[in-house]
1. Counting just the residues of the stretch 49-104 that are assigned to a helix (DSSP H, G or I) and of a type in the set (Phe, Trp, Tyr), which one comes out nearest to Ala120 (Cα to Cα)?
2. Yes or no: the stretch 152-170 includes at least one residue that is in a helix (DSSP H, G or I) and touching a helix residue (DSSP H, G or I) at 6+ places or on another chain (Cβ under 8 Å).
3. Which one of the conditions (1) in contact (Cβ under 8 Å) with a residue 12 or more places away in the chain; (2) not in a loop (DSSP other than H, G, I, E, B) does Tyr132 fail to meet, given that it meets all the rest?
4. Go through the stretch 105-129 and give me each residue that's outside any helix (DSSP H, G or I) and free of Cβ contacts under 8 Å to residues at least 60 places away in the same chain.
5. Charged (D, E, K, R) and free of Cβ contacts under 8 Å to residues at least 40 places away in the same chain, is that true of Arg74?
6. Within the stretch 147-172, restricting attention to residues that are small (Gly, Ala, Ser) and either without any contact (Cβ under 8 Å) to a residue 24 or more places away in the chain or under 16 Å from Gly13 (Cβ atoms) (or both), which residue is surrounded by the fewest Cβ atoms within 10 Å (Cβ to Cβ)?
7. Can you give me the number of residues within the stretch 68-90 that are open to solvent by 50 Å² or more (accessible area, probe 1.4 Å) and either more than 19 Å from Val14 (Cβ to Cβ) or in contact with a Ser or Thr (Cβ under 8 Å, 6 or more places away or on another chain) (or both)?
8. Conditions first: (1) over 27 Å from Thr164 (Cβ atoms); (2) open to solvent by 30 Å² or more (accessible area, probe 1.4 Å); (3) without any contact (Cβ under 8 Å) to a residue 12 or more places away in the chain; (4) of a type outside the set (S, T, N, Q). Ala56 passes all but one, so which condition is the exception?
Amino acid sequence: MIPQRIVLTGPGGVGKTTLAQTLNRKLGHPHVDLDEIFCRDIQNIREFIREKGYAAYARRNGQLLLEILSGTPRPVILSLFSGVFSHDMEAPMRSELVTAIATDAIVLLIVPHVSDEIAAQIVATRQVGRGYGLSYEPERLKYLRRIREYRQLGFSQCVVPEITPHSVEDMIKHISACP
């Protein structure tokens, strides 16, 4: 059985939004992208961070996620912002979010490869290619740091190297098998 709330999390560049959009088309569950909502309802993310700093961004994004969780109907697929469960988020907010999400949804940690080093290379290449002025090595190191932090939370990990009809079917089987 497919859960009513599916939450996709992981470091930036792992494919959360792309996977969520594909699952939306396959399952018919509405897709809510936290980054998109932030940009639409609050401010462009890069401008917000430049003006107020990353800590303020993480805090406001956490508050936004709590608002979305309390007001979003089911079924839904949520793709979260990349730092939501990292130590970049203040500990009290991170704990509150983990509790709120884990009690009401299936949370899937998305990674692009089973090898952390290869996954870090894939993600760094994707992030640099997005045109935001990011640099390869800092993005690679950020992935490696964040993936360790995310794994400590015990979410079910899904390896999705690329979005294909086969990988989506495998993902749906994985989701259906989760408690």
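1. Taking the candidates together, the pick is Tyr54.
2. Among the residues of the stretch 152-170, at least one is in a helix (DSSP H, G or I) and touching a helix residue (DSSP H, G or I) at 6+ places or on another chain (Cβ under 8 Å), which makes the answer yes.
3. For Tyr132, the failing item is (2).
4. His113, Val114, Ser115
5. no
6. Gly154
7. Looking only at that region, the number is 5.
8. Answer for Ala56: the failing condition is (2).
The values are calculated or read from the model by the stated rules, or taken from the named source; none is laboratory data. All values reported here derive from a predicted model rather than from experimental measurement. Methodologically, a virtual Cβ is constructed for each residue, glycine included, from the backbone with ideal geometry; neighbour enumeration extends over all protein chains shown. Ligands, DNA and RNA are stripped out before the accessible areas are found, and what is left, the full protein with its side chains, is counted by its heavy atoms. Shrake-Rupley method; radii C 1.70, N 1.55, O 1.52, S 1.80 Å.
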